[in-house]
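So the structure is just underneath, and the comments pick up after that.
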Amino acid sequence: MIILSVLIVGGGLSGICLGHTLEQQNIDFKIIDCNQNHSSKVAAGMINPMTFRRMIKSWKADELIPFLNQFYAQVEEKIEEKFLFPIRLRRAFASEHERALWIERLNNPQYANFVNPIERSETTPNYLKDNFGNAFISTPGYIDAKTFMEANHRYFIQKDCLQYDNFDYSALDVENKTYDSKAYTQLVFAEGFQGEDNPFFGYLPFKNAKGEVLTINSSDFREDEILNRKCFVLPTKNGDFKLGSTYAWDTKSTEPTQGAREALLERYEGLSTAIIEVVGHEAGIRPTAADRRPMLGEHPQYKDLFIFNGLGAKGYMLAPYFADAFVKYLMGKAPLDKEVDIQRFYKKHFKK
Ligand SMILES: Cc1cc2nc3c(=O)[nH]c(=O)nc-3n(C[C@H](O)[C@H](O)[C@H](O)COP(=O)(O)OP(=O)(O)OC[C@H]3O[C@@H](n4cnc5c(N)ncnc54)[C@H](O)[C@@H]3O)c2cc1C
């Protein structure tokens, strides 16, 4: 039997999903988190299985969706908190071309789980600027990110599996596998965008993307659907709505900006006529790899030193599935998918 004691640095979505997966396998673990989250907590938490640009399924959607449905339902039951809200996603087509692609997907059985017939005007909200038609995407809905984070932190703190602290690299002895003089068997860095400053993994091609989201009020919006075209309007359990989101690269600032606020409101004006009031504005940074695939795996020189990062813009969709794959890999049960394994970057950075 393998006895592991895993130290996880970072208690965002990645650290939490790893924690639950390790707990399921009866593996001892501890999460250290500095309690300053700038991604998982501000995320809209939308699960969107389509990539609209080319109107295709997003990467691995067929495997990820059933997995996350089961995973989040189990976590909700375990921690006694509801955070996954099933709701449909209405796509307002951006062009005739997009509408035509949608009709092609409707005739393709491989898309049967995700696409639905084009909506009639009677079922379309009157506030939608509906130039090319619209249709629903079947999705599990959205995760209320703040509830998810707070409830999971409470759960792991109460189990003594999470402590708030800044990870001190100078207290790490990678040769003897100790941190702060305490032994671990494996160490996983799940630090989100701050991973690019990690002294062991900072060489990886991070291409982090800042994102901003507004919280808005409106008495007009339907509360039973997410609306999407160039921006999204997502109802929350508190009765307000999230309007998001922007992308900006090459910045480490987590401050909201006037420019992003204006950009979101301009996109909103192209989507809907409903009167809105802005009541909040948040920013965060999506930890993203240059090739937009997760970055998972072991350091090429230091054994038992791992990274779990790069979940990008669809973390809530990817994390459950890849936490499971990663724990199997830690236990020596299965190799990592080559597309996510950081070995894909070794050649460039390390000679044999
Ligand atoms: C505006 C915005 C909107 C988004 N919308 C969606 C969406 O709708 N759907 C979706 O699926 N995804 C969305 N995402 C993406 C999603 O939020 C990310 O993929 C995911 O949160 C990444 O989680 P993570 O745990 O890897 O990183 P993080 O959430 O950044 O967590 C890393 C954690 O590590 C801790 N940490 C870092 N360094 C240290 C250290 N040295 N010591 C101790 N602790 C440390 C930090 O405090 C933090 O808590 C969005 C992101 C943003 C910014």
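Descriptive notes on the structure:
- Gly280 within 16 Å of the ligand (Cβ to nearest atom), surrounded by 19 or more Cβ atoms within 10 Å (Cβ to Cβ) and in contact (Cβ under 8 Å) with a residue 24 or more places away in the chain: no
- When Gln158, Gln194, Gln163 are checked against the criterion of being at negative phi, under 17 Å from the mean Cα position of the chain (by Cα) and of a type outside the set (Ser, Thr, Tyr), Gln194 stands alone in meeting it.
- With respect to the conditions (1) modelled with pLDDT under 95; (2) within 12 Å of the ligand (Cβ to nearest atom); (3) of a type outside the set (Phe, Trp, Tyr), Asn238 falls short on a single one, namely (2).
- Condition met for Glu80 (assigned by TED's automatic domain parsing to the domain that holds Cys231, at pLDDT 95 or above, away from the ligand (no atom under 12 Å from the Cβ) and surrounded by fewer than 20 Cβ atoms within 10 Å (Cβ to Cβ)): no
- Of residues in the range 322-340 being crowded, with 19+ Cβ neighbours inside 10 Å and of a type outside the set (A, V, I, L, M), the one nearest to the ligand (Cβ to nearest atom): Phe322
- Residue in the range 205-212 that is more than 12 Å from the ligand (Cβ to nearest atom) and closer than 29 Å to Glu298 by Cβ present: yes
- Some residue of the range 47-68 being in a strand (DSSP E or B) and within 6 Å of the ligand (Cβ to nearest atom): no
- Qualifying residue in the range 139-150 (condition: in contact with a helix residue (DSSP H, G or I) (Cβ under 9 Å, 6 or more places away or on another chain), away from the ligand (no atom under 14 Å from the Cβ) and at pLDDT 95 or above): no
- Scanning the range 176-204 for residues that are touching a residue at least 24 places away in the same chain (Cβ under 8 Å) and more than 14 Å from the ligand (Cβ to nearest atom) turns up Lys177, Ala183, Tyr184, Thr185, Gln186, Tyr203.
- Within the range 127-152, tally of residues that are without any contact (Cβ under 8 Å) to a residue 60 or more places away in the chain and either farther than 25 Å from Leu84 by Cβ or part of a helix (DSSP H, G or I) (or both): 5
- Selection count, the range 239-257, where residues are surrounded by fewer than 16 Cβ atoms within 10 Å (Cβ to Cβ) and closer than 21 Å to Asn37 by Cα: 7
The values are calculated or read from the model by the stated rules, or taken from the named source; none is laboratory data. What you see is a predicted model, and the numbers here were worked out from it, not measured in a lab. Backbone-built Cβ (ideal geometry, glycine too); neighbour counts: all protein chains shown.
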